[in-house]
Amino acid sequence: MLSERKEIRRKGLRFSLRRIIIVSTRYGLSSRKFLIGLQRMVTLLKQHNVVGTFPVTALIVKRHPELLSILEGMEVAVHGYKHTDVSKMSREYQETMLREALDIFSSLGLKPTGHRAPYLRLNETTLDVVSQMGLLYDSSVPSMWRDEGESNESKYLKNAFLSYGLYKSGNQLPVIRGRLVILPVAIPDDEILIDRLRINEKQLTTTVIGMGKSALSSGGHLVLQLHPERFHLFHEALETVLNFAQEHDAWIAPLKDVALWWRDRQDTEPRWPDNAPFAISISGDIDAVTLTDFGLRIFGR
């Protein structure tokens, strides 16, 4: 999505009021409400023996180290130093911010290998900086996924552009860029489906299963981008697509494992481990835990 202040300026009071109402239902003054949703998401993944990837903003994990006890056993990736659009930032600024983010992670005993840009907004400099910092992969490039019979492509395209500013067409496989592995992110994501298109849980499940069917048909890598604060709305869809993936013997892996596999396979067969017909990764972005965090984010802090 666009940065909150840009959205508010562009859409005006009506949008602002709706956004405030939505945010107030998902975050509290304390971290309790968010942590309950996060715990439920992690519990579901563990019930399916799945390791998810959770890109976390550095300032957020610094303010809320209690996140780490819930995320034990999951992969943690870097989601920026703070949740701000870096696509128009200088190389020097991006180097400084990513270095400071990695320093915070290191101080907490974390050694992330992956990066996801806030708002999925990045430029060629961003990818160079991520590689320069020694990270294995980036998962910030949006890629359209849909069932072949899906009739809402124009809506998805419109909302993808509104959400991420730049629409990148549907590559469904990782890409090697120098030393960096690019793992495209599937859209529509939960933000587009729930907040923009406002579809119900049944439609949500149908859409996500359609994305799973597309992955099965193409042999691709489906990277679902979710947010724990919406998990109460996405629970059924996630459980259904995990069941679908396991019934079809898909490889369900964290982003780190997919990046390592793709880097090392050298274009040999099989495409996925154990001849899996497709791969799927579940990611859960964490960029705010409380209403205070969200308020600070609006002002770039």
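The values are calculated or read from the model by the stated rules, or taken from the named source; none is laboratory data. Because the structure is a prediction, the values reported are computed rather than measured. Note: ideal-geometry Cβ built from the backbone for every residue, glycine included; neighbour counts use all protein chains shown.
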Scan region 65-78 and report the pairs whose first residue is closer than 18 Å to K46 by Cα and whose second residue is modelled with pLDDT of 95 or more and hydroxyl-bearing (S, T, Y), with Cβ atoms within less than 6 Å and a gap of 6+ or a chain change.
-> E75/T53
What pairs come up if the first residue lies in region 261-289 and is closer than 23 Å to H248 by Cα, the second is assigned to a strand (DSSP E or B) and not hydrophobic (A, V, I, L, M, F, W, C), and their beta carbons are under 6 Å apart, counting only those six or more places apart or on different chains?
-> A279/H221; S283/T53; S283/Q225
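To keep it simple, each residue is scored yes or no on (1) closer than 19 Å to G37 by Cβ; (2) aliphatic (A, V, I, L, M).
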{"residue": "V181", "(1), (2)": "no, yes"}
{"residue": "L226", "(1), (2)": "yes, yes"}
{"residue": "T240", "(1), (2)": "yes, no"}
{"residue": "A245", "(1), (2)": "no, yes"}
{"residue": "A250", "(1), (2)": "no, yes"}
From the set of residues in region 266-301 that are of a type in the set (D, E, K, R), modelled with pLDDT of 90 or more and surrounded by fewer than 20 Cβ atoms within 10 Å (Cβ to Cβ), which is nearest to P174 (Cα to Cα)?
-> R271
If you scan region 51-86, which residues turn out to be within 11 Å of F105 (Cβ to Cβ) and touching a strand residue (DSSP E or B) at 6+ places or on another chain (Cβ under 6 Å)?
-> V56, V76, A77, V78, H79
Note on T96: of the conditions (1) buried (at least 16 other Cβ atoms within 10 Å of the Cβ); (2) among the β-branched types (V, I, T); (3) at pLDDT 95 or above, unmet is (1)
Number of the exception - T207 against (1) touching a Pro at 6+ places or on another chain (Cβ under 8 Å); (2) modelled with pLDDT of 95 or more | (2)
Which members of region 123-135 meet the condition of being assigned to a helix (DSSP H, G or I) and either more than 19 Å from the chain's Cα centre (by Cα) or of a type in the set (S, T, Y) (or both)?
-> E124, T125, T126, D128, V129, S131, Q132
Out of curiosity, is S24 assigned to a helix (DSSP H, G or I), over 20 Å from Q225 (Cβ atoms) and touching a residue at least 60 places away in the same chain (Cβ under 8 Å)?
-> yes
Taking T125 as the residue in question, decide whether it is of a type in the set (S, T, N, Q) and within 26 Å of V51 (Cβ to Cβ).
-> no
Of the listed residues (F234, F244), the one being in a helix (DSSP H, G or I) and within 20 Å of V56 (Cα to Cα) is F234
Failed criterion for Y156 (all others in (1) at pLDDT below 60; (2) closer than 20 Å to T84 by Cα hold) | (2)
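Results for (1) under 26 Å from T25 (Cβ atoms); (2) surrounded by fewer than 22 Cβ atoms within 10 Å (Cβ to Cβ); (3) more than 17 Å from the chain's Cα centre (by Cα); (4) not charged (D, E, K, R), shown as yes or no for each residue.
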site	(1), (2), (3), (4)
L197	yes, yes, yes, yes
Q203	yes, yes, yes, yes
I209	no, yes, yes, yes
S214	no, yes, yes, yes
H221	no, no, no, yes
Q225	yes, no, no, yes
H235	yes, yes, no, yes
F244	no, yes, yes, yes
